[in-house]
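See below for the structure under consideration.
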Amino acid sequence: MSLGYSGSFTVTKSREFRCDTCGARCTESINGDLEYGHLVGCPHRPDSFRKSTSDGGRRYKPDDADGGASA
C-alpha cells in the first residue's frame, strides 16, 4: 500500500516514537513538553496545534485500528 510518501516510516531517532493511540510517527520536542506529528483528533495532539495543510485527510477517530491510514 502506498500513502504517497517515499521516505521512511520507521522510528530511528531517540526522540521519535509511534503513538499508541493514533499510530502516527511522532517526535518529542527537545525540552520534552510537546509531541509533534499526532493526527488531527488524537487526544495526545497539543490543543495549541491547529489543522495545517500538511495534515491532509488522515484523522484519528477512536474506532480507527490503523491510525487512519486506510482513509
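We did not get these values from a lab; they are worked out from the coordinates using the rules stated. As the structure is a computational prediction, the values presented were derived from the model and not from experiment. Every residue, glycine among them, receives a Cβ derived from its backbone with ideal geometry; neighbour counts consider all protein chains shown.
Provide, in order from the shortest bin, the percent of all Cα-Cα pairs of the range 12-63 in each 10 Å bin, continuing until the bin that contains the maximum pair distance.
Final binned percentages: 26, 56, 18, 0.
Could you run the Karplus curve 6.51 cos²θ - 1.76 cosθ + 1.60 with θ = phi - 60° over the range 41-47 and give me ³J(HN,Hα) per residue in whole Hz, x for Gly and Pro?
Working through the residues one at a time gives x, 6, x, 8, 6, x, 4 Hz.
Would you mind counting up the charge near Thr12? Only other residues with Cβ under 15 Å from its Cβ, with Lys and Arg at +1 and Asp and Glu at -1.
Counting the neighbours of Thr12, the net charge comes to +2.
Can you list residues whose amide H is under 5 Å from Val40's amide H, if they're 5+ apart or on another chain and H is modeled 1.01 Å from N?
Tyr60
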